[in-house]
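The structure appears right after this line, and notes come after that.
The values are calculated or read from the model by the stated rules, or taken from the named source; none is laboratory data. Note that this is a predicted model, so its numbers are computed, not measured. Ideal geometry is used to build each Cβ from the backbone, glycine not excepted, and the neighbour counts take in all protein chains shown.
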Amino acid sequence: MTPEERQRLETLERQMRDHFHSGLDSSRVNLRDILGKIEVVSAAPIGNPTDIGAQLKIYTNGSTYRLYWYDTTAGTWHYILATA
């Protein structure tokens, strides 16, 4: 990894850590920047995430695949089914 790439990654990680998302007064995040940073889980997510990185989850359990996202306005998790 080049020094420039390392700096970009450190900046992105800091922005993701410090990002506050209320659903009303938040800043835009380029989804291309968080590829590879979405957590893969085997149980449906619960709780109220407070940063953009925690608001997306890839769920895999056996042959079931889902993409979960947290709706900050409704305060609930939603998902769509995926295929492999």
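Quick notes on this structure:
- Cβ-Cβ under 6 Å pairs, at least 6 apart or on other chains, segment 58-84 side free of Cβ contacts under 8 Å to residues at least 24 places away in the same chain and within 13 Å of Val41 (Cβ to Cβ), far side loosely packed, with under 11 Cβ neighbours inside 10 Å and β-branched (Val, Ile, Thr): Ile58/Val40; Leu67/Ile80
- If you filter segment 34-52 down to residues that are among the hydrophobic types (A, V, I, L, M, F, W, C) and modelled with pLDDT under 90, you find that the one that is nearest to Ala82 (Cα to Cα) is Ile38.
- Tally of residues being closer than 21 Å to Met16 by Cα and touching a strand residue (DSSP E or B) at 6+ places or on another chain (Cβ under 9 Å) across segment 60-77: 7
- Picking from residues in segment 67-83 that are modelled with pLDDT of 90 or more and loosely packed, with under 12 Cβ neighbours inside 10 Å, the one that is farthest from Glu39 (Cα to Cα) is Ala74.
- Those residues of segment 38-84 which are of a type in the set (Ser, Thr, Tyr), within 24 Å of Gln15 (Cα to Cα) and assigned to a strand (DSSP E or B), in sequence order: Tyr68, Tyr70, Thr76
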